[in-house]
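The block underneath contains the structure these notes are about, expressed in structure tokens.
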Amino acid sequence: MTTIEVNGQAREVTVDLDTPLLWVLRDELGMTGTKFGCGIAQCGACTVHVEGVPTRSCRLPVGQVGARAVTTIEGIGATSLGARVQKAWLDLEVIQCGYCQSGQIMTAAALLASNPSPDDEAIDAAMAGNICRCGTYVRIREGIKQAARHG
């Protein structure tokens with residue numbers, strides 16, 4: 001048994017310590033907002049924050065999380081920054097199919113936490129590892145800019 005902190009709550013799980021955090025979140029804790037995309041940390045659909053750093057949960061063994069705080073898409077809206085990003089996404093109808101968007105939102109929130117006024121180059125660099133099959137990149141960029149303006 002191991003304990004991890006997810007969205008501000010200590011959660012006990014009984015899994016092998018090499019189980020990827022993604023599967024612990026989805027299968028053990030029922031938090032299905034974080035998506036499986038590629039399984040090799042290339043697409044960004046599984047992005048969560050570990051101590052505020054965007055992290056690919058598909059490749060992070062739960063045993064390596066330790067006492068570090070994990071924030072998922074289910075918890076990011078509890079922060080003012082996360083709520084601003086989510087609102088911008090809704091206002092601008094960023095989402096098309098929506099599959100990648102939890103990872104996009106998590107990466108965008110981390111970007112704005114470190115750079116409250118990113119330019120296009122900074123946005124493109126930060127978001128480069130998040131793939132959107134629907135191609136909503138222009139709306140994603142605008143969502144980030146709107147969230148930054150309302151900060």
Problem set entry | 9 Å beta-carbon shell around Arg141, net charge (K/R +1, D/E -1) | -1
Exercise. Per-residue ellipticity at 222 nm for the chain, helices alone: DSSP H runs ≥ 4 residues times -39500 (n - 2.57), over residue total, nearest 500 deg cm²/dmol?
Worked result: -10000 deg cm²/dmol
Problem set entry | Electrostatic dipole magnitude of segment 1-47 [Cβ: Lys, Arg +1; Asp, Glu -1; Cα centre; debye, to 20] | 240
Problem set entry | Two-site label geometry, Asp120 and Glu51: point separation in nm, points 7 Å out along Cα→Cβ | 3.6
Problem set entry | Mean separation of Cα contacts under 8 Å, 6 or more apart, over the residue count of segment 1-88: relative contact order % | 32
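We did not get these values from a lab; they are worked out from the coordinates using the rules stated. All of these numbers come straight from a predicted model, not from anything done at the bench. Here Cβ is always computed from backbone atoms with ideal geometry, including for glycine, and neighbour counts include all displayed protein chains.
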